[in-house]
Amino acid sequence: MTARVVTDAMVGRAEAIDVLARGGIVALPTDTVYGVAVSLSTPGGIERLFAAKRRPPDKGIMLLLDDAAQAATAGAMTPAASALAEAFWPGGLAVVVPQRPDVPWPAVLTGGAQTIGLRVPDHPAPRALAAGVGPLPTTSANVSGLPEASDAAAIVDQLGDSVDLVLDGGPAHGGPASTVVDCSGPLPTILRAGAVSAAEIAAVLDAAGVEHVLRDLDAGTGERRA
């Protein structure tokens, strides 16, 4: 059966939360592209996301959050991660932090790593869904190897009945991908350049007294888009 499409509004978000709570897959708008998400409490849910995208489970999936406070329930926020979250959330920056020993995530979520990627997007839809069901495993709404779906019709065309509900927020905003910073080690490392520059990150870390070696990275990577 083809995915049901509902408008991204209060009623639609409530329906999306219900679908997620019942184990379904929801496509939703974010501040950049559309994503597909599933509740962490759904047995085999992450595997369904990979199957919908026809992608092998060899990379971890980011968790989208309601707010910075929710991050502490999902991972061990280091001083670097906390400083960056305070400065850039909600927005185009994700942090990779160590897993909490008391919150072990399934290996399929993290790609087998002992870290977890976290972001608070600058869009109310994913934040509302994360508030309703908890940290939200989300990946781009497209079949692996095809262009990212830019609207609800493209999602239905690509993913069909692999998705249970599409939250239609109009055309995707697009723009640079989020910058991803690994804050799990001794020194923060930029894994993917994007919306937030290395210079901006360095300034925040300087102000927080966090050691880093990011100051000169913009000359080589700051303008690259992922």
- Message: So if I check each of 88, 50, which one is in contact (Cβ under 8 Å) with a residue 12 or more places away in the chain and either touching a His at 6+ places or on another chain (Cβ under 7 Å) or over 29 Å from residue 202 (Cβ atoms) (or both)?
- Response: 50
- Flagged in segment 109-141 as in contact with a Phe, Trp or Tyr (Cβ under 8 Å, 6 or more places away or on another chain) and over 19 Å from residue 86 (Cα atoms), in numbering order, are 140, 141
- Query: Counting just the residues of segment 1-31 that are basic (Lys, Arg) and in contact (Cβ under 8 Å) with a residue 12 or more places away in the chain, which one comes out nearest to residue 157 (Cα to Cα)?
  - Reply: 4
- Message: I'd like to know if segment 175-191 contains one or more residues that are of a type outside the set (Gly, Ala, Ser), in a helix (DSSP H, G or I) and open to solvent by 20 Å² or more (accessible area, probe 1.4 Å).
- Response: no
- Filter segment 144-171 for residues that are open to solvent by 10 Å² or more (accessible area, probe 1.4 Å), over 11 Å from residue 37 (Cα atoms) and outside any helix (DSSP H, G or I) and give the result. 144, 145, 146, 147, 148, 150, 151, 168, 169, 170, 171
- Message: Go through (1) farther than 28 Å from residue 205 by Cα; (2) in contact (Cβ under 8 Å) with a residue 40 or more places away in the chain for residue 68 and report which single condition fails.
- Response: (1)
- Note on the structure: Within segment 54-69, of all residues that are buried (at least 19 other Cβ atoms within 10 Å of the Cβ) and modelled with pLDDT of 90 or more, the one farthest from residue 103 (Cα to Cα) is 66
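Let's see how each residue does on (1) out of contact with any Ser or Thr (no Cβ under 7 Å at 6 or more places or on another chain); (2) surrounded by fewer than 22 Cβ atoms within 10 Å (Cβ to Cβ); (3) modelled with pLDDT of 95 or more:
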{"site": "82", "(1), (2), (3)": "yes, yes, yes"}
{"site": "89", "(1), (2), (3)": "yes, yes, yes"}
{"site": "97", "(1), (2), (3)": "no, no, yes"}
{"site": "107", "(1), (2), (3)": "yes, yes, no"}
{"site": "112", "(1), (2), (3)": "yes, yes, no"}
{"site": "118", "(1), (2), (3)": "yes, no, yes"}
{"site": "121", "(1), (2), (3)": "no, no, yes"}
- Taking first residues from segment 158-175 that are more than 14 Å from residue 148 (Cβ to Cβ) and modelled with pLDDT under 95 and second residues anywhere that are loosely packed, with under 13 Cβ neighbours inside 10 Å and not hydrophobic (A, V, I, L, M, F, W, C), the pairs with Cβ under 7 Å that are 6 or more apart or on different chains are 160/2; 161/2
- Taking segment 123-141 and keeping residues small (Gly, Ala, Ser), open to solvent by 10 Å² or more (accessible area, probe 1.4 Å) and at negative phi leaves 128, 131, 132, 140
- Could you list, in sequence order, the residues of segment 9-45 that are open to solvent by less than 10 Å² (accessible area, probe 1.4 Å), of a type in the set (Val, Ile, Thr) and out of contact with any Lys or Arg (no Cβ under 8 Å at 6 or more places or on another chain)? 26
- Task: May I ask you to verify whether residue 40 is touching a Phe, Trp or Tyr at 6+ places or on another chain (Cβ under 9 Å), more than 22 Å from residue 191 (Cα to Cα) and assigned to a loop (DSSP other than H, G, I, E, B)?
- Result: yes
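The values are calculated or read from the model by the stated rules, or taken from the named source; none is laboratory data. The model shown is predicted, which means the values in this text are computed figures rather than measured ones. With ideal geometry, Cβ positions are generated from the backbone for all residues, glycine too; neighbour counts draw on all protein chains shown. Surface accessibility is based on the protein's heavy atoms, side chains included, excluding ligands, DNA and RNA. Shrake-Rupley method; radii C 1.70, N 1.55, O 1.52, S 1.80 Å.
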